[in-house]
Structures are given as structure tokens and as C-alpha cells.
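**Q** Mind looking over this structure? Questions follow.
Any read-out appearing in this document is the output of simple, stated calculations on the displayed coordinates, not a laboratory observation. None of these values were measured; they are calculated from a predicted model. Virtual Cβ from ideal backbone geometry, glycine too; neighbours counted across all protein chains shown.
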Amino acid sequence: MSTFEKLSINTATIKKASLAEALDLSVAAGLKHIGLWRDKVAEVGLETAVEMVKASGLQASSLCRGGFLTAAEPAGQAAALEDNKAAILEAKALGTTEIIMVVGGLPDFSVAPGAVDGGGEASAVVGGKDICAARQRVADRLAELVPFALEHGVRLVLEPLHPMYAADRAVLSTLGQSLDLAAPHPVEAVGVVVDTFHVWWDPSLQEQIARAGAEGRIASYQVCDFNLPIAADALLSRGFMGDGVIDFASIGQWVAEAGYNGVVEVEIFNEDIWNLPYAEVVDTVKARYAKLVAPHLP
């Protein structure tokens, strides 16, 4: 099997490339998968995006993102449900069963669902600073979405984010919290993603990865590094594997021992990397993946 059989480069890693360019780069690199963001799909329209992905021969490993479920007022809740149902239908059309869910932060500070990470306008979602209430609303909205997800064969994949994003992006900060939220629902409806950037610091990470594997909840493994110093925009502190502090050998071993044998997505938000030639980024990702990630996976 090729070293890169399971490698998927998320379109966020080459953010300034068009969907056509991202597909062509992945094919030229000998990859079989691509991770998609909804902004790239929206740029060309869903129908055209579906045709482009099919024509490329690539398999969409995931669609990002759904979520932002913490609104307190009825109008915001209804809008969130509508947007997430649209995301589920987009994922199905694009041929992936996995929709990554960034659940939303404190409503007074949460990035609006239509905003694009790393650019675009963000607006607040009204609802206060009660983080416990916000987490409960995530659970409530998730329960409302599960039947629709099951109907369409798409899994809602909860992504815990590093605690520095709890205010504006995700009130779920640990894999354990995400697994607790997933627990009431069928494994084919709700899973979790292990994203090294967000979870590397967690003292219970090995235990929670093992739990996720035992419960059949690991839907995605995403890798990139955690760079220091933290960027002025903390969202852009991701880096190529090997440029930061993360121990990919240990986390990769834990994920493998948990039974995950699926696609590995590289997802990087970094302004300097976005400004590099796209082919250079892809070549660097492949080299770092081959050296630091692939040796520790099945």
C-alpha cells in the first residue's frame, strides 16, 4: 500500500486555491482523498462541486463545517438547524458520510455560521455568557439533528477545540466532553474527530482516544502542529507537522491502538503557509506526513 493511501489534504491548508486547483493538486500528488470546506463548494455551487469531485476521482473524506448550535433565541436556533440540514445534504451529495461539527462558542461572542475562518466578516450570536447553558443547547440541537442525519446516512462529527477557542468557536474543549455528548446517539449518527492541534495537551487524551475507539466513535483523524509563539490571530497558529510541539508518534500510536484505520486529514490555518506556492505546500505536507505521521499508523 502506498504511504499516501490514506492522506487527505483539507482545502483549508491551501485556502487561497480554488476548488479546481485543490482537486488538481491532490490528483497530481497521487492522493485519493480530499477534505472539503463548504466555502469552496459555495464558490462554484453544489451541483458543479459534485461534478468536479466526481470527475477528479477523489473521495471526499469530510465536509467542514456544520455546528454553531449555541444560539439562545428561537430565530438563531432555527437558523442553525436549517444551516446544518443544508450541510448534511451537501455532504451526502459530495459523497462523504462525515460532516465536521464546530459546535459554537458563548453566544455573545460566537462566530456566526456563515463566517469563514481566517477571513470574512464575523457577527455575534445573541445569548449570553453561561457556558453550561450553551453546552446544553448544543446537546438539544444535536438531538434534533440526529434523525435527519440518520435519514441521509451522514454522521455528525463533533470536534473538540483547544480551550482558547471556547468563547468564540467551541464550548467543547476535550474529547471526553465530545464523547459524553455523543453517547446518547447511535454511532452511525454521531462521532468525534481527533484533531492533534486541539487535543494534544489533554492529560486524559490517551484514555479518551481508547474510549472513543471502544465506542466506535472515531470518525476522523486530523493532523497539523501547534506552533509557538501563538499568532496574533490564535486561529492561525497551526503549522506543518514537525514545526511545533506535538508528539505525533504517541498520538498516532494511540489512534492506531484504538482501531482507527481511516483517512488522515491535514488541516492547517496559517497565513504564511497560505501565501506559499500551493504545490510547495502539498509537497511539504507529503514529506512531513511520510516522516512523522504514517510510520505510526496501521
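**Q** Which net charge results for the neighbourhood of Ala149, defined as the other residues with beta-carbon distances under 13 angstrom from its beta-carbon, given Lys and Arg at +1 and Asp and Glu at -1? Write down the numbers at each step before the final one.
**A** Values: positive: Lys85, Lys92, Arg141, Arg155; negative: Glu90, Glu98, Glu144, Glu151, Glu188.
That works out to -1.
**Q** Which net charge results for the neighbourhood of Arg135, defined as the other residues with beta-carbon distances under 14 angstrom from its beta-carbon, given Lys and Arg at +1 and Asp and Glu at -1?
**A** Working: positive: Lys129, Arg137, Arg141, Arg169; negative: Asp130, Asp140, Asp180.
Around Arg135, the surrounding residues sum to +1.
**Q** Right, next: How would you rank 24-36, 72-84, highest first, on the average number of other Cβ atoms within 10 Å across their residues? Present the calculation step by step, with values, prior to reporting the outcome.
**A** Details: 24-36: 19.5, 72-84: 15.9.
Packing proxy ranking, top to bottom: 24-36, 72-84.
**Q** Given an 8 Å cut-off on Cα distances and at least 6 residues of separation, report the relative contact order of the chain as a percent. Provide the component values of the computation, followed by the final result.
**A** On the way: 609 pairs, mean separation 54.0, N = 298.
With pairs under 8 Å counted, the relative contact order is 18 percent.
**Q** Please work out the FRET efficiency for the pair Ala86 and Met1, using the Cβ-Cβ distance as r and a Förster radius of 35 Å; give the result to the nearest 0.05. List each step's numbers first, then the result.
**A** On the way: r = 36 Å, r/R0 = 1.03.
So the FRET efficiency works out to roughly 0.45.
**Q** Using just the helices of the chain, give the 222 nm mean residue ellipticity in deg cm²/dmol: DSSP H runs with n ≥ 4 each add -39,500 (n - 2.57), and the total is spread over all residues, rounded to 500. Let's see the in-between values first.
**A** Details: 11 runs with 118 residues, N = 298.
Calculated mean residue ellipticity at 222 nm is -12000 deg cm²/dmol.
**Q** For Ser61, what residues show an amide H to amide H distance below 5 Å, using hydrogens built from the backbone and excluding near sequence neighbours?
**A** Counting only residues 5 or more places away or on other chains, the set is Ile34, Gly35, Leu36.
**Q** Which helices pass in the chain if a helix is a full DSSP H run, must span at least 24 angstrom along its long axis by Cα, and must have mean Kyte-Doolittle hydropathy not below -0.5?
**A** Details: long enough: 74-94 (30 Å, 0.14); 131-152 (31 Å, 0.29).
Span-like helices in the chain: 74-94, 131-152.
**Q** Right, here's the next one. Debye sum, Cα scatterers, segment 152-298, no solvent: what log₁₀ I/I(0) at q = 0.11 1/Å?
**A** For the requested q values the scattering log ratios are -0.41.
**Q** Also, I was wondering about something else. Find how many whole Å separate the alpha carbon centroid of segment 48-79 from the alpha carbon centroid of segment 97-111.
**A** About 12 Å separates the Cα centre of segment 97-111 from the one of segment 48-79.
**Q** Near Lys92, within a Cβ-to-Cβ distance under 14 Å, what is the net charge of the other residues, with Lys and Arg +1 and Asp and Glu -1?
**A** Values: positive: Arg38, Lys54, Lys85, Arg155; negative: Glu47, Glu90, Glu98, Glu151, Glu188.
Neighbourhood net charge equals -1.
**Q** Looking at this model, which pairs from Lys32/Lys291; Lys15/Lys92; Lys15/Lys85 are more than 21 angstrom apart at the alpha-carbon?
**A** Values: Lys32/Lys291 19 Å; Lys15/Lys92 23 Å; Lys15/Lys85 25 Å.
Too far apart for the 21 Å limit: Lys15/Lys92; Lys15/Lys85.
**Q** For a protection proxy built on the mean count of beta-carbon atoms within 10 angstrom, sort 10-17, 182-189, 141-148 highest first, please. Walk me through the numbers before you get to the answer.
**A** On the way: 10-17: 22.5, 182-189: 15.9, 141-148: 18.0.
So the order, starting with the most tightly packed, is 10-17, 141-148, 182-189.
**Q** Which lysines, on any chain, are close to Lys129 with Cα under 25 Å apart, when same-chain ones fewer than 8 places away are left out?
**A** The qualifying lysines are none; the list is empty.
**Q** Express in whole angstrom the spacing between the alpha-carbon centres of segment 1-40 and segment 229-251.
**A** When both Cα centres are located, 20 Å separates them.
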